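Chemist: Provided herewith is a single structure, encoded as structure tokens, for subsequent inquiry.
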Amino acid sequence: MTSAKDLKQRSNNQCELCSATEDLSVYDIPNAKEKVIYACNNCIAQMEDSEKIDPNHWRCLNDSMWSEYDAVKIMAWRMLNRVNQPWAEDMLAMMYLEDETLELAKAAGDGEADENQIIHRDVNGVVLDTGDSVVLVKDLKVKGSSMVAKQGTAVRNIRLDRENSEYIEGKVDGQHIVIITKYVKKL
Ligand SMILES: [Zn+2]
């Protein structure tokens, strides 16, 4: 395990998640093979009790998710899943974790589908995820423009409409458009 002294040094005496400089202590990440981070009481309280989560506090992960340390990345990944905000989804989509690190990040059950989650499915009933690529299965008129998105057009890096399982979003010809899920096929 990394010692408290090592942690203080690598973190520059700051919370490795939000950069706070007070009330810091070593936080032993649950289910992460004894990985530890140096964190402030505020972060720790919210990591330990999801009911205490203040989503805006976790915008700090915008910086710390790029940490060079796996332990920080694991905790950032878990908290981004827990805050359940569209901006956190975007950050998760940008985040890159090695397979082994991702396994550890998932070990506490974060990021798994819960019952209330809206599931998006393509024309064949295949589940769509943020970041997937799809192809249009018919010509689609783009609302509010004269553009027609042609059948066979690939749309990469889609986003899911959090409220409605029938809509996804993506870019066609540089234009951000909303697409109905039954007119796409996952690539
Ligand atoms: Zn903190």
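The values are calculated or read from the model by the stated rules, or taken from the named source; none is laboratory data. These figures come from a predicted structure and were not determined experimentally. Cβ coordinates were reconstructed from backbone atoms using ideal geometry, including for glycine residues, and neighbour counts include every protein chain displayed.
Chemist: Tell me which residues, restricted to the range 95-107, are in a helix (DSSP H, G or I) and closer than 20 Å to S50 by Cβ. Even if it seems obvious, please write down each step before you answer.
Modeler: Of the range 95-107, the ones in a helix (DSSP H, G or I) are 99-106.
Hits for the range 95-107 are L104, A105, K106.
Chemist: Taking the residues in the range 64-89 that are surrounded by 15 or more Cβ atoms within 10 Å (Cβ to Cβ) and of a type in the set (D, E) as candidates, determine which candidate is farthest from R10 (Cα to Cα).
Modeler: Residue satisfying both the conditions and the ranking: E89.
Chemist: Can I ask one more? Does the range 23-31 contain any residue that is acidic (D, E) and either in the same structural domain as T130 (by TED's automatic domain parsing) or under 18 Å from the mean Cα position of the chain (by Cα) (or both)?
Modeler: Residues of the range 23-31 that are acidic (D, E), as a first pass: 23, 28.
Restricting the remaining residues to those that are either in the same structural domain as T130 (by TED's automatic domain parsing) or under 18 Å from the mean Cα position of the chain (by Cα) (or both) gives none.
Checked against the condition, which is being acidic (D, E) and either in the same structural domain as T130 (by TED's automatic domain parsing) or under 18 Å from the mean Cα position of the chain (by Cα) (or both), the range 23-31 yields no hits at all.
Chemist: A further question follows. Name the residues in the range 27-37 that are of a type outside the set (D, E) and more than 13 Å from the ligand (Cβ to nearest atom), would you?
Modeler: Taking the range 27-37 as the starting set, the residues that turn out to be of a type outside the set (D, E) are 27, 29-33, 35-37.
Across the range 27-37, the qualifying residues are I29, P30, N31, A32, K33, K35, V36.
Chemist: Ok, one more. How about the range 114-187: which strands (runs of 3 or more DSSP E) wholly inside it have at least 2 residues that are touching a Phe, Trp or Tyr at 6+ places or on another chain (Cβ under 8 Å)?
Modeler: 175-180
Chemist: State yes or no: is L92 assigned by TED's automatic domain parsing to the domain that holds M75, assigned to a loop (DSSP other than H, G, I, E, B), buried (at least 17 other Cβ atoms within 10 Å of the Cβ) and not small (G, A, S)?
Modeler: Numbers: assigned by TED's automatic domain parsing to the domain that holds M75: yes; assigned to a loop (DSSP other than H, G, I, E, B): no; buried (at least 17 other Cβ atoms within 10 Å of the Cβ): yes; not small (G, A, S): yes.
Spelling it out, it is not the case that L92 is assigned by TED's automatic domain parsing to the domain that holds M75, assigned to a loop (DSSP other than H, G, I, E, B), buried (at least 17 other Cβ atoms within 10 Å of the Cβ) and not small (G, A, S).
Chemist: I'm trying to understand the selection: among the residues of the range 11-48, which are of a type outside the set (A, V, I, L, M, F, W, C) and surrounded by 17 or more Cβ atoms within 10 Å (Cβ to Cβ)?
Modeler: To start, the set of residues in the range 11-48 that are of a type outside the set (A, V, I, L, M, F, W, C) comprises 11-14, 16, 19, 21-23, 25, 27-28, 30-31, 33-35, 38, 41-42, 46, 48.
Correct list: S11, Q14, E16, Y27, K35, Y38, N42, Q46.
Chemist: May I ask you to verify whether C40 is within 12 Å of the ligand (Cβ to nearest atom), over 13 Å from R82 (Cβ atoms) and under 22 Å from the mean Cα position of the chain (by Cα)? Explain how you work it out, then say what you get.
Modeler: Values: within 12 Å of the ligand (Cβ to nearest atom): yes; over 13 Å from R82 (Cβ atoms): yes; under 22 Å from the mean Cα position of the chain (by Cα): no.
No, not satisfied.
Chemist: Determine whether the range 138-154 contains at least one residue that is under 23 Å from the mean Cα position of the chain (by Cα) and crowded, with 16+ Cβ neighbours inside 10 Å.
Modeler: no
Chemist: On to the next question. Quick test of your reading of the structure: L61 fulfils all but one of (1) buried (at least 18 other Cβ atoms within 10 Å of the Cβ); (2) farther than 25 Å from D132 by Cα. Name the failing condition by number.
Modeler: (2) is the only condition that L61 fails.
Chemist: Does D23 qualify as being more than 21 Å from R162 (Cα to Cα) and within 12 Å of the ligand (Cβ to nearest atom)?
Modeler: Values: more than 21 Å from R162 (Cα to Cα): yes; within 12 Å of the ligand (Cβ to nearest atom): yes.
Judged against the criteria, D23 is a match.
Chemist: I've got another one for you. Scan the helices (runs of 4 or more DSSP H) fully inside the range 1-80 and keep the ones with 2 or more residues being at pLDDT below 95. Let's see the steps before the verdict.
Modeler: Numbers: elements: 4-11, 41-48, 61-64.
Once the helices (runs of 4 or more DSSP H) in the range 1-80 are filtered for at least 2 residues that are at pLDDT below 95, what remains is 4-11.
Chemist: In the range 11-22, what residues are more than 25 Å from the chain's Cα centre (by Cα) and not hydroxyl-bearing (S, T, Y)?
Modeler: So in the range 11-22, the residues more than 25 Å from the chain's Cα centre (by Cα) come out as 12-13, 21-22.
Once the filter is applied, which keeps residues that are more than 25 Å from the chain's Cα centre (by Cα) and not hydroxyl-bearing (S, T, Y), the range 11-22 yields N12, N13, E22.
Chemist: Test each condition in (1) over 12 Å from the mean Cα position of the chain (by Cα); (2) closer than 29 Å to V127 by Cα; (3) within 15 Å of the ligand (Cβ to nearest atom); (4) free of Cβ contacts under 8 Å to residues at least 24 places away in the same chain for L80 and report the one that comes out false.
Modeler: The one condition L80 does not meet is (1).
Chemist: OK, next. Taking K106 as meeting all but one of (1) without any contact (Cβ under 8 Å) to a residue 60 or more places away in the chain; (2) within 16 Å of the ligand (Cβ to nearest atom), write down the number of the exception.
Modeler: (2)
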